[in-house]
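So the structure is just underneath, and the comments pick up after that.
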Amino acid sequence: MECGDFSTFYTSMGQLPKVTWFRSDLYNWEGFWYLGGHLPGAMAAKSNFQAKDDDVFLTSSMKTGTTWLKAIIPTIMNPDGRKDDDSDDPLLKHHPNELMPSLDLGFYKVNPNPDLSHMPSPRLFRTHI
């Protein structure tokens, strides 16, 4: 089901089991608990994302070394044209979050059906879904 706005997801959220934990509402969707602000992006990504054969995903639980891996993966995957002195290392000019953007908390949280066609292959993504 492709969706052009978030109304479908907010309607679905109203039907999900909900608990309040430390003043935050959590919703149980497909066997996992999500913060209310994170769930629409996760739903949109699942409904609308179209993977390519050469996409690379970093999927991990929170607080398990994700930032470290976001720094290593783009560096390993783009060795062409690297200089011996590392002056062109992408980490000198970009935070790891810029090198591996988040599907659910980045692209799909802002727009339920973003245009990702401008991204060069292989596309690098991260998620905690």
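The values are calculated or read from the model by the stated rules, or taken from the named source; none is laboratory data. None of the values given here were measured: they were computed from a predicted structure. Virtual Cβ from ideal backbone geometry, glycine too; neighbours counted across all protein chains shown. These area figures cover heavy atoms from the full protein model, side chains too; ligands, DNA and RNA do not enter into them. Shrake-Rupley method; radii C 1.70, N 1.55, O 1.52, S 1.80 Å.
Tell me, in nm to one decimal, what length is gained between ASN111 and GLN15 on full extension, where the rule is 0.36 nm per residue of separation less the Cα-Cα distance?
Numbers: separation 96, 0.36 × 96 = 34.56 nm, distance 2.22 nm.
Roughly 32.3 nm would be gained on extension.
From the list (i) 12, 35, 31, 19, 4; (ii) 11, 36, 31, 15, 5, 1; (iii) 12, 43, 34, 11, 1, can you say which value of P(r) over Cα pairs in 10 Å bins from 0, in percent was derived from the structure given?
(ii)
Given a Förster distance of 25 Å, report the FRET efficiency between THR64 and PHE22 from their Cβ-Cβ distance, rounded to the nearest 0.05. Write out the running numbers ahead of the final one.
Numbers: r = 21 Å, r/R0 = 0.84.
Once the sixth-power term is evaluated, E becomes 0.75.
Using a 1.4 angstrom probe and counting only protein chains, how large is the accessible area of LEU16 in Å², to 10?
Surface accessible to solvent at LEU16 totals approximately 40 Å².
Of TRP33, TRP68, TRP21, which has the most accessible area and how do the rest follow, probe 1.4 Å? Display every interim value, and only then the final one.
Numbers: TRP33 125, TRP68 175, TRP21 150 Å².
Solvent-accessible surface, decreasing: TRP68, TRP21, TRP33.
Can you send over the carbon and sulfur percentage of the accessible area for the range 6-127, probe radius 1.4 Å, protein chains only?
Details: 4300 of 7790 Å².
So the carbon and sulfur contribution to the accessible surface is 55 percent.
What angle do you read, to the nearest 10 degrees and between 0 and 90, between the alpha-carbon axis of helix 39-48 and the longest principal axis of the chain?
Rounded to the nearest ten degrees, it is 70.
What residues of the range 4-31 lie in the reach of a label at SER47, counting those whose backbone N is under 11 Å from a point 7 Å from the Cα along Cα→Cβ?
4-13
In Å, what is the Rg of the alpha-carbon atoms in the range 1-73, and how long is Dmax?
14.8, 41
Whole number in Å², please: accessible area per residue of the range 6-127, 1.4 Å probe, ligands, DNA and RNA not counted. Spell out each step's value before the answer.
Working: 7790 Å² over 122 residues.
I get 64 Å² per residue for the range 6-127.
Considering only DSSP beta bridges with both partners in the chain, what is the antiparallel share in %, to the nearest 5?
On the way: 8 of 13 bridges.
Looking only at bridges with both residues in the chain, the antiparallel portion is about 60 percent.
Mind putting a number on the dipole of the chain about its Cα centre? Charges go on the C-beta only, +1 for Lys and Arg and -1 for Asp and Glu, and I need it in Debye to the nearest 20.
Numbers: 12 positive and 16 negative charges, 114 e Å.
Dipole about the Cα centre, nearest 20: 540 debye.
Probe radius 1.4 Å, ligands and nucleic acids left out: which of LEU35, LEU116 has the largest accessible area, and how do the rest follow? Please report the intermediate quantities before stating the final value.
Numbers: LEU35 70, LEU116 10 Å².
Largest accessible area first, the list is LEU35, LEU116.
Could you pull out the pairs from LYS18/LYS52; LYS52/LYS109; LYS46/LYS70 whose alpha carbons sit more than 26 Å apart here? Could the numbers behind the result be given before it?
Details: LYS18/LYS52 34 Å; LYS52/LYS109 20 Å; LYS46/LYS70 22 Å.
Beyond 26 Å between Cα atoms: LYS18/LYS52.
For the Cα atoms of the chain, what angle does the longest principal axis make with the long axis of helix 66-77, in degrees from 0 to 90, nearest 10?
It works out to around 40 degrees.
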